[in-house]
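Each value in this text was obtained by applying a stated rule to the coordinates, not by laboratory testing. All of these numbers come straight from a predicted model, not from anything done at the bench. As a convention, Cβ positions derive from the backbone with ideal geometry for all residues, glycine included, and neighbour counts pool all protein chains shown.
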Amino acid sequence: MAGISENLEAVRSTLPPGVGLVAVSKFCPVEAIAEAYSCGQRAFGESRVQELARKAVDLPADIAWHFIGHLQTNKVRQVVGIASLIESVDSERLLRIIDAESERAGKVTRVLMEVHVAQEATKSGFLPAELEALFASGFYRSLKATHICGIMGMASNTDNRDRILADFTAIADCRRRIAALCPDLTGFDTLSMGMSGDYLLAIECGSTLVRVGTAIFGERHY
Ligand SMILES: *Cc1c(COP(=O)(O)O)cnc(C)c1O
């Protein structure tokens, strides 16, 4: 597939050590993912359960699938069996169900809490204050089979650099405040933020994991 290996190399060359790359492969054919895989890429991001399940069967078993879309509670069981990281936990109820399904499956599921700071009402996630209050309540101590590894967020969809910086700063601050509130919350280190158009700014604001689709695979055809 034209350009994928070059695009991947170009993106990688801009990432400082310690920043992970999720190649967002939603809506991309398996051939495109296989091409990126052949260049050593192992983490891929998908946003729909059926598509993830189908691709996971067709592609190598050592791929680390990241689930990055809105997850319906009735589809948790399927995702728990496949995903290496569920990045988009947007309600306490969803987290409880992930925990129950993980326990049932005899595995520990790694998740990120999704925080909403962007201006678009269409994006999901907890407001920072809401998420901080939830952690302050100590609810996470009752989880049996879930490891909360950090938070995920998106900046507003705008060309306004100051706005994007403010959004990423708010997401990074939210993670830092939660870590300070909950010293017993170990391994809460992942800050997943930054997409094709804004990942360099996200890294400046402390991102440890960028989710890049278009800059690797080209424009998506929905
Ligand atoms: C689609 C998507 C991305 C990738 O967006 P690009 O602009 O194509 O890099 C990243 N994060 C989430 C949550 C997405 O849904």
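Which ³J(HN,Hα) values in Hz, rounded to whole numbers, follow from the phi angles of segment 170-187 under the Karplus curve 6.51 cos²θ - 1.76 cosθ + 1.60, where θ = phi - 60° and Gly and Pro get x?
5, 5, 4, 5, 4, 4, 5, 5, 5, 4, 6, 5, 10, x, 8, 8, 8, x
Give the long-range amide H neighbours of MET152: residues separated by 5 or more places, or on another chain, with amide H under 5 Å away, using H modelled in the peptide plane at 1.01 Å from N.
Correct list: MET113, GLU114, VAL115, SER192.
Would you please classify the overall shape of segment 58-160 from the alpha carbon gyration tensor, given that a ≥ b ≥ c denote the square roots of the eigenvalues, rounded means a/c under 1.5, and beyond that prolate means a/b larger than b/c while oblate covers the rest?
Details: a/c = 2.18, a/b = 1.26, b/c = 1.73.
It comes out oblate by the Cα gyration axes.
Mind pulling the per residue volume of the convex hull built on the Cα atoms of segment 1-70? Å³ is fine.
Convex hull of Cα atoms, per residue: 88 Å³.
Given springs between every Cα pair under 10 Å in a Gaussian network model of the chain, which of ILE33, ILE171, ILE86 has the largest fluctuation?
The residue with the greatest mean-square fluctuation here is ILE33.
For ASN160 and THR73, compute 0.36 nm times the residue count separating them, minus their Cα-Cα distance, and round to one decimal in nm.
On the way: separation 87, 0.36 × 87 = 31.32 nm, distance 3.51 nm.
The ASN160-THR73 span can extend by a further 27.8 nm.
With Rg and the Kirkwood Rh both taken from Cα atoms, where does Rg over Rh land for the chain?
0.95
For segment 102-107, just list the computed ³J(HN,Hα) in residue order, Karplus coefficients 6.51, -1.76 and 1.60, θ = phi - 60°, integers in Hz, with x standing in for Gly and Pro.
The phi angles translate into 5, 4, 4, 7, x, 9 Hz.
Would you pull out the residues with amide H under 5 Å of SER88's amide H, same chain only if 5 or more places away, H placed 1.01 Å from N?
The answer is LEU112.
Note the full-extension length gain between ASP58 and GLU103 as 0.36 nm times their separation in residues minus their Cα-Cα distance, in nm to one decimal.
Full extension from ASP58 to GLU103 adds 13.5 nm.
Figure the gain on full extension for GLN119 and ALA10 (residue separation times 0.36 nm, minus the Cα-Cα span) and round it to one decimal in nm.
Details: separation 109, 0.36 × 109 = 39.24 nm, distance 3.00 nm.
Gain on extension, GLN119 to ALA10, equals 36.2 nm.
Where in the chain is the longest stretch that carries no GluC sites (Glu not before Pro) classed as loop by DSSP and with at most 16 other Cβ atoms within 10 Å?
Details: sites that count: GLU120, GLU219.
The longest such stretch corresponds to 1-119.
So, R0 is 25 Å and r is the distance between the beta-carbons of ALA180 and LEU200; what FRET efficiency does that work out to, to 0.05?
Values: r = 27 Å, r/R0 = 1.08.
Taking R0 as 25 Å, the efficiency between ALA180 and LEU200 is 0.40.
I need the phi-derived Karplus couplings for segment 61-66: 6.51 cos²θ - 1.76 cosθ + 1.60, θ = phi - 60°, integer Hz, Gly and Pro marked x.
So the J values, rounded to whole Hz, are 6, 8, 6, 9, 7, 9.
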